[in-house]
Structure formats: C-alpha cells, structure tokens
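J.: Let me give you the structure first, and then I'll get to my questions.
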Amino acid sequence: MRRAALLPYFSTAYVRKLQPDFQERLDVLLKRMSNFMDTDEAVNANCMFAAFSNDIMHILSFGECFHKLETPNFDSVERDASLSGAQSFHVMKRIPWFNNVMMTLPEAVASRLSPPLGSYMRQKRKTRNQVAQAAALKDEWSEREIVPIFQGLLDSSKLPPEEKSVERLSQDAQMLLMAGTLTMASTLEHMVYWMVDNPDVLRKLKEELRTAMPSLDDVRRVPIASLESLPYLTAVIKESVRLIYGNSTPHFRVDPSQPLVYEDKKAGRKWVIPPKTSVGMTSVLLHHNEDNFPNSYIFDPDRWLGEGGKKLDKYMVGFGKGSRICLGLNQAYGISRLVLAQIWRLWASPEVSTGDEIGVLSLYNTSFHDVQMKGDFFVAAYNKPQGVEFKASLGGDRKENFFVSSPQ
C-alpha cells in the first residue's frame, strides 16, 4: 500500500524533472572540489558525497536543503547518525525490545550512555519535526508541479489516515534519509577509487563522455536522458553497484505453506527446505559467484556490455529483486550518471587525460585492501573506516573560466 503511493516519486520521469535541483547541488560539489586544488589537503570522499547525498535526499523528501555541501568540513553529523543507526542493526533486529527501551530514554541520558545513540535520537526527532511541518504546510504545495515525497504522501488518496500520521511517516522518512545518504555516498566515493585505480577503464569512460560533452561548456547542459544512452557509463555504474553491494545484509523470505526445493545441478544434490523456514541470501555472496562473475573482485565494466552483459542483469541484486526491489533504483542511477559523467569530464587522473580538464584527482592513503568489505551493518563496512581519500591538483588553465558562473 505505501509502496504504491511512493512509486511515482521514484520513477525515471520524476528523477528527470528534478535534474535542475540535482545540478544546483552538483555545481556546488564541483566548486568545492576545485577549491582543494594545490592545497595538498586530503579530501574525505565519503564525507563529501554524504553531504551531497543528504542535501539531495532532503530536497526529494521535503523540498528543502540544509546546504551541508557548503559547510567547511561537509558537516558529517547526519552521516554519523545514520551510521550509528546502521551499526545497531543486528542488535535491534534480534533484541527489538531493547530499541523500545532506549527510545523511551531522555535524549540527554541516551547521549551520555552512548553518543552515537544520542545522534541517532536527535536525527529521529529532527525528522519527526520535518514531517510535522510538512503536514502543517501541505496546502501550500497543492498547486505545484513537483511535490516532495512526504508532502505527496500526506495528500495521497492511496493511503488511509492511519498510514499518514506524523509518527508513521516519520519512520519512513528517517529510513529513506539514512539509506539514501549512506548508500549513495558509498557508491560515489568508491567510484572515485575505481576510476583512478583503473586507467584503462577511465580512458574508455572519458572517450565516451567526450561524445556526449565535446567541450567543457557542455557539461552542465547534458540531460540525464542523454546520459542514459551511454553504454559504458551505465556499465561502470553497474560494476560499482556490484562491488558496493547496496544493502549487504541477507534478505530473508518465508514460504508459510510450501517447502522450498534447492537443487545444485553441478554437484547433483537437492535440498528440501520445510515450510515456515527463514531463508536469506546476501548480495555479497551473489555478486562474488565466480560462475556468473569471473574474477569477481576485479573491477571490470566490460562484463556488462553486449548480450553477455544483459544476461548478467538477473544476478545483480544490489537493489534487491522482484516486488521488494529498492524504490530508489531510478534515482540512484540518474544521480550517479550526472555525478560520474560531470566529474570525469572535468577531471583527469594522474594517468589519464584528454588534455582539456580543469585538474587532476589523485588517490591519497587509499589502497585496494581499504575498499574491501570487512563487515555487514545493513550496509557494508570497509577495511578503511574513514573511507576513500583524494587530493586535487591544477591540471590546466580552465578552472577559473569554468567556475565563473558557478555558485561560490
């Protein structure tokens, strides 16, 4: 029921309509990146992209932006609160009453017992206030062409009154903000690593991007619909999602009445799983199945090209599958296309350049081992907790010209 009401806000058409809002945030992101040129300052890509994705998620959810991208250190409070909530996932899932007890504590007491929990509770209170404000102002949005998600849900005829209460919607809002912030930030930061670390891949991508954006003046003008037609760009995003895993925790299903039969034809064995048995599988195992993805730990977008690539789609579960597939798939692909295309049309790596870029992005203190998963907290945790880091250096004379009309 709630899913049917949410679907219009995650369609490809809705994502395309919001491109001007996405572009405004992306302009700020690109300007911030350029400000690090030749400062020798290492940039934490996760914090930077978390600020970007959190701004985007607030625009989508409530039609407002808190401008985290403009803060000096990319204001990681929301990201840290979301990580705190994710890291408590396994405990809360297995001891659900513990969450109820902790949520009854005064915020000050909870913060003393556990600062991360205090951050999570502040985020919960803030989100509830945003939903309450949206309910109070819902009539102001009734005549607008593009309506934020929670303004639309409050006015939805598909939901009964009990599904539109402030308490109920605030739960969905917090989950949406958390998931959108963490997964998008993780995907975008690791794309930086994979591009710099794989010069042959970056060379192919930059050649394709130049066909869609022949000059740097075309960068801000290219519509998402045009980027959707670039096969190698799409392949790079698919391979990134495969190695980021999306939601890394197992997804459990139960057949209440029928046994499930699992057959391993290669081994010639068969298992019968009784009814009412929980069965779960994680994207991590599926995405590293060597039968479907040979050399599965290698970043190889070419595997997604041609007819062979189409056959792999059924094994991609970074966004889930079937009736429970992640609603944010179209949004994630649309934003990833914009960010990946514009960053790598504007920037070179130390080994790959087309000659007209504004600067060079180099990895800092980040290795292949650092970007490998070490744990599951609903989303993947990696060997380097602080994430991918990079430095920016001047690579041409186009910086000042390009950002003349950019936000300061």
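J.: May I ask you to list the residues in the range 197-221 that are closer than 17 Å to LEU30 by Cα and open to solvent by 10 Å² or more (accessible area, probe 1.4 Å)?
T.: Matches in the range 197-221: SER215, ASP217, ASP218, ARG220, ARG221.
J.: Here is a follow-up. Go through the residues of the range 175-183 one by one and say whether even a single one is open to solvent by less than 20 Å² (accessible area, probe 1.4 Å), of a type outside the set (A, V, I, L, M, F, W, C), modelled with pLDDT of 95 or more and within 17 Å of the chain's Cα centre (by Cα).
T.: No, the conditions are met nowhere in the range 175-183.
J.: Another question, if that's okay. Which of the residues belonging to the range 313-357 are basic (Lys, Arg) and either in a helix (DSSP H, G or I) or over 17 Å from SER248 (Cα atoms) (or both)?
T.: Selection gives LYS314, ARG324, ARG337, ARG345.
J.: Being open to solvent by 10 Å² or more (accessible area, probe 1.4 Å) and in a helix (DSSP H, G or I) is the filter; apply it to the range 223-240 and report the residue that is nearest to PHE22 (Cα to Cα).
T.: My answer is ALA225.
J.: Does at least one position in the range 127-144 carry a residue that is of a type in the set (Lys, Arg), within 25 Å of ASP55 (Cβ to Cβ) and within 24 Å of the chain's Cα centre (by Cα)?
T.: yes
J.: I'd like the full set of residues that are surrounded by 18 or more Cβ atoms within 10 Å (Cβ to Cβ) and not in a helix (DSSP H, G or I), limited to the range 124-155.
T.: The answer is VAL147, PRO148.
J.: Applying the selection to the range 264-279, what residues are assigned to a strand (DSSP E or B), surrounded by 10 or more Cβ atoms within 10 Å (Cβ to Cβ) and either in contact (Cβ under 8 Å) with a residue 24 or more places away in the chain or under 36 Å from the mean Cα position of the chain (by Cα) (or both)? Outline the logic, then answer.
T.: Initially, the range 264-279 is screened for residues assigned to a strand (DSSP E or B), giving 264, 269-273, 279.
Checking the rest, the ones that are also surrounded by 10 or more Cβ atoms within 10 Å (Cβ to Cβ) come to 270-271, 273, 279.
Scanning the range 264-279 gives ILE273, VAL279.
J.: Go through the range 289-302 residue by residue and tally those that are buried (at least 16 other Cβ atoms within 10 Å of the Cβ) and more than 20 Å from SER367 (Cα to Cα).
T.: So the count comes out to 1.
J.: Scan (1) free of Cβ contacts under 8 Å to residues at least 60 places away in the same chain; (2) of a type outside the set (Phe, Trp, Tyr); (3) open to solvent by 60 Å² or more (accessible area, probe 1.4 Å) for the single condition LEU305 breaks and write down its number.
T.: Every condition holds for LEU305 apart from (1).
J.: With in contact with a Cys (Cβ under 6 Å, 6 or more places away or on another chain), in contact (Cβ under 8 Å) with a residue 40 or more places away in the chain and open to solvent by 20 Å² or more (accessible area, probe 1.4 Å) as the only criterion, which of PHE368, PHE319 stands out? Explain how you work it out, then say what you get.
T.: Working: PHE368 fails: in contact with a Cys (Cβ under 6 Å, 6 or more places away or on another chain).
After applying the criteria, what remains is PHE319.
J.: Within the range 280-314, which residues are under 21 Å from the mean Cα position of the chain (by Cα) and not aliphatic (A, V, I, L, M)?
T.: Selection gives THR282, SER283, HIS287, HIS288, TYR297, PHE299, ASP300, PRO301, TRP304, ASP313, LYS314.
Conditions tested, residue by residue: (1) open to solvent by less than 10 Å² (accessible area, probe 1.4 Å); (2) at pLDDT below 85; (3) farther than 24 Å from ASP55 by Cβ.
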| position | (1), (2), (3) |
| --- | --- |
| ASP313 | no, no, yes |
| VAL339 | yes, no, no |
| VAL352 | yes, no, yes |
| GLY355 | no, no, yes |
| ASP376 | no, yes, yes |
| TYR382 | no, no, no |
| GLU389 | no, no, no |
| PRO407 | no, yes, no |
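J.: Next up: So LEU117 clears everything in (1) open to solvent by 10 Å² or more (accessible area, probe 1.4 Å); (2) without any contact (Cβ under 8 Å) to a residue 40 or more places away in the chain; (3) closer than 21 Å to VAL379 by Cα; (4) out of contact with any Ser or Thr (no Cβ under 7 Å at 6 or more places or on another chain) except one condition, right? Which one?
T.: Result: LEU117 passes all but (4).
The values are calculated or read from the model by the stated rules, or taken from the named source; none is laboratory data. Source: prediction; values computed, not measured. When we count neighbours, we look across all protein chains shown, and the Cβ atoms used for this are built from the backbone with ideal geometry, even at glycine. In case anyone asks, the SASA skips ligands and DNA or RNA and just uses the protein heavy atoms, side chains included. Shrake-Rupley method; radii C 1.70, N 1.55, O 1.52, S 1.80 Å.
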